[in-house]
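Below: the structure, in structure tokens.
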Amino acid sequence: MRRSEFLRAVDDEFGPRATTLMSDLVLPGIGLTPQDALEAGVSPREIWLSLCAETDVPLSRRYGAGRLEPRR
């Protein structure tokens with residue numbers, strides 16, 4: 001997962017709450033907020049999965065999130 005895909009996935013999943021979650025929620029498995037984890041070089045995929053687990057995002061919406069549809 002690329003950083004851009006991660007940010008798109010967060011916006012799509014959490015909408016108006018995305019900014020608050022990115023800056024305020026400390027992820028237990030990482031020990032940082034998602035924003036701080038990105039800045040520290042933690043893999044966006046690791047952050048995404050941790051964020052999903054912490055906020056109870058269903059498994060069906062975790063894989064492939066943030067990817068654009070292929071061009072035709």
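Each residue in region 23-56 was checked for being under 15 Å from SER4 (Cα atoms) and outside any helix (DSSP H, G or I), and 3 of them qualify. Scan region 25-44 residue by residue and report those that are within 18 Å of PHE14 (Cβ to Cβ) and small (Gly, Ala, Ser). ALA37 - this is the single residue of region 25-44 that is within 18 Å of PHE14 (Cβ to Cβ) and small (Gly, Ala, Ser). Considering (1) surrounded by 13 or more Cβ atoms within 10 Å (Cβ to Cβ); (2) at pLDDT below 95; (3) not in a loop (DSSP other than H, G, I, E, B), the lone condition that SER4 does not fulfil carries the number (1). Listed by first and then second residue, the pairs with beta-carbon distance under 8 Å, at least 6 apart or on different chains, first residue in region 10-38 and under 12 Å from LEU49 (Cβ atoms), second hydrophobic (A, V, I, L, M, F, W, C) and assigned to a loop (DSSP other than H, G, I, E, B), are ILE30/VAL42; PRO34/LEU25; ALA37/ILE30.
If you check ARG17 against the conditions, is it of a type outside the set (A, V, I, L, M, F, W, C) and closer than 15 Å to ARG2 by Cβ?
Values: of a type outside the set (A, V, I, L, M, F, W, C): yes; closer than 15 Å to ARG2 by Cβ: no.
Criteria not met by ARG17.
The values are calculated or read from the model by the stated rules, or taken from the named source; none is laboratory data. Just so it is clear, the model here is predicted, and its values are computed rather than measured. No Cβ is skipped: glycine too gets one built from the backbone with ideal geometry, and neighbour counts run over all protein chains shown.
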